Amino acid sequence: MVETAERIEESPYYGNGRVSGNGLHLLPRQSVYSLDYLPLTYALGNTPQTPLQDTAFEHLQEYIHGPELKGSIYELPRKGTPTSARPRIVIMFGNGELGCRTDSLGIHRAAGNPPPTFLFINSVPHLPSHIDLTAARTQIVEAGTHCGVILEGDRKIQRAIWISTQGNWYLLEGEQEEILQNIAWRSQEHFGSPKLSTRHDADKNGFTLPWRVLANSPAFANTSEAAHILGDMGIIENEVDLTRFTADARRAKLLAKAFNKNGVGESMRSEYDPAGFLAITRSGGGKIEVDPDPKKGHLTPVSAITPDGYIIPHVSHMPKFSKLRITNFANGSVETHENVLLAIARTLAIQGYNIEQVLQFAQNRFSEGDKFIPIQLEDSPQLDRFAVDHAHWHTAEHAGYIKIGHPDYRYFPKRDFACGTMHAAWAMISGFMDLDEFHDPEGLIKNVLGVELPGHGYVFMAEGPEGRRRLTQAITADSKLVPPERA
């Protein structure tokens with residue numbers, strides 16, 4: 001199942017059509033998978049404001065332009081800037097005070113689509129005496145960025161806090177060079193891993209889903225019931241309430257709108273229907289207020305994955321009285337691609353595939369010119385109905401029928417992989433593939449399987465007609481939830 005080195009060298013990159021060497025690929029001789037990254041292009045929103053910021057930026061710049069990332073500096077994007085000239089990140093520098101703001105929203109408004117992501121670099125004489133999620137995340141919310149690092153020191157960096165949108169924060173300590181390298185690695189992971197959240201809409205000649213099939217799916221009622229239970233218990237939020245991190249309610253609203261598709265740490269629910277589609281919660285808010293009526297369109301149907309995202313099917317025979325049209329379905333969660341990938345991995349796992357062979361399968365399909373992989377694989381067993389739940393918790397204790405896995409730490413370092421990226425998807429898949437029950441056709445009928453992602457949260461999965469309710473029972477009654485392990 002492992003390709004030759006020559007084949008890998010010429011295979012298109014599973015992510016955006018680039019050649020292998022900038023993506024996730026197999027190393028044939030070792031028969032393992034490896035992480036690699038896209039060239040990291042960046043623009044400057046402003047310039048460093050302190051000597052410590054200069055030091056951090058010089059190190060990051062040297063790393064970005066080095067042989068690992070082969071990055072380069074671009075101009076700030078504007079409306080009309082072609083995709084090829086748009087930087088992956090915009091770096092913003094603080095004024096040397098805690099809680100300072102930047103002009104990221106102004107740059108975001110002027111940038112057009114697709115919008116860039118933002119990295120914040122600030123330095124202060126002293127970090128807060130008490131550091132927790134609220135204190136840490138306040139820094140990037142006030143700055144208006146997706147990720148950030150706050151350096152502590154005068155002439156030399158003593159410590160630093162790394163903060164990311166999933167709600168992760170981590171105190172970096174040690175020698176200055178060690179801290180700077182850690183910042184470079186984390187920036188590489190969050191901004192260099194390919195995003196898999198591009199939406200594609202099928203026409204009537206592509207994937208088609210009859211309205212009656214979609215409307216009769218129990219996924220809508222099941223997901224609505226679960227969302228309200230989880231919301232009532234405070235396990236999930238309807239949307240991430242950024243007013244917890246800034247007193248400026250208007251700014252919080254603007255930030256939530258600006259960063260919606262980029263992700264601000266939302267939860268996610270999905271359900272696979274044996275009719276051949278996945279119904280998944282929308283990107284952004286509305287995670288509790290899921291209406292069970294399919295005509296409201298609160299779940300997005302998905303039929304396949306592409307190298308860079310997912311395909312929403314053409315819904316045929318829509319009732320004339322309905323105002324809903326396929327273009328009205330919202331973007332699916334940023335984890336849509338990996339949810340479909342989970343279904344594909346489950347199908348292959350019960351046929352005896354291991355993690356390397358599952359990855360090889362995806363690579364082969366895309367490298368051979370396929371533009372998509374359907375959620376229901378040809379000539380493969382029909383999957384049972386299954387439900388998936390993702391939220392920003394880990395478990396301290398859980399019942400015996402709940403089986404917990406973790407990413408393969410040999411190849412996926414204990415870092416908070418960014419939502420909706422290739423490395424996050426495969427880190428999650430590697431955790432499920434490590435559970436024996438995931439390979440057993442009956443393994444998810446009696447059990448609930450989960451993977452805990454460092455610095456991020458859990459992904460739970462259960463199969464069968466009662467899978468969603470069993471999943472909700474596992475989360476709400478048979479697990480002791482705690483904040484995720486910081487990474």
In this structure, does THR208 turn out to be surrounded by fewer than 17 Cβ atoms within 10 Å (Cβ to Cβ) and either modelled with pLDDT of 85 or more or not polar (S, T, N, Q) (or both)?
yes
Would you say ALA424 is at pLDDT below 95 and surrounded by fewer than 24 Cβ atoms within 10 Å (Cβ to Cβ)?
no
Take the stretch 82-101 and flag every residue that is of a type in the set (S, T, N, Q) and at pLDDT 95 or above.
ASN95
State which residue is modelled with the highest pLDDT when the search covers only the stretch 407-416 and only residues that are out of contact with any Pro (no Cβ under 8 Å at 6 or more places or on another chain) and not basic (Lys, Arg).
ASP408
Would you call LEU133 under 25 Å from VAL240 (Cα atoms) and not assigned by TED's automatic domain parsing to the domain that holds GLY455?
yes
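Take ILE350 and decide whether it is in contact with a Lys or Arg (Cβ under 9 Å, 6 or more places away or on another chain) and of a type in the set (Val, Ile, Thr).
no
Scan the stretch 161-182 for residues that are part of a strand (DSSP E or B) and in contact (Cβ under 8 Å) with a residue 24 or more places away in the chain and report the count. Lay out the reasoning, then the answer.
So in the stretch 161-182, the residues part of a strand (DSSP E or B) come out as 161-163, 169-173.
Narrowing further to those that are in contact (Cβ under 8 Å) with a residue 24 or more places away in the chain: 161-163, 169-171.
Of the residues in the stretch 161-182, 6 are part of a strand (DSSP E or B) and in contact (Cβ under 8 Å) with a residue 24 or more places away in the chain.
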Flagged in the stretch 226-244 as in contact (Cβ under 8 Å) with a residue 12 or more places away in the chain and over 22 Å from the mean Cα position of the chain (by Cα), in numbering order, are HIS228, ILE229, MET233, ARG244
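Residue-wise test of (1) at pLDDT below 80; (2) surrounded by 17 or more Cβ atoms within 10 Å (Cβ to Cβ); (3) not in a strand (DSSP E or B).
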site: ASP203; (1), (2), (3): no, no, yes
site: ALA221; (1), (2), (3): no, no, yes
site: ALA226; (1), (2), (3): no, yes, yes
site: ILE229; (1), (2), (3): no, yes, yes
site: ARG250; (1), (2), (3): no, no, yes
site: ASN262; (1), (2), (3): yes, yes, yes
Residue list for the stretch 383-421, restricted to those being over 25 Å from ALA279 (Cβ atoms), surrounded by fewer than 24 Cβ atoms within 10 Å (Cβ to Cβ), touching a Ser or Thr at 6+ places or on another chain (Cβ under 6 Å) and touching a residue at least 60 places away in the same chain (Cβ under 8 Å)
THR395, HIS398
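Just checking, how many residues over the stretch 360-379 are in a loop (DSSP other than H, G, I, E, B) and within 17 Å of PHE207 (Cβ to Cβ)?
Initial filter on the stretch 360-379 (in a loop (DSSP other than H, G, I, E, B)): 368-372, 375-379.
Still in the running and within 17 Å of PHE207 (Cβ to Cβ): 370-372, 375-378.
Total meeting the criteria: 7.
The values are calculated or read from the model by the stated rules, or taken from the named source; none is laboratory data. None of the values given here were measured: they were computed from a predicted structure. Glycine gets a Cβ as well: all are built from the backbone with ideal geometry, and neighbour counts include every protein chain shown.
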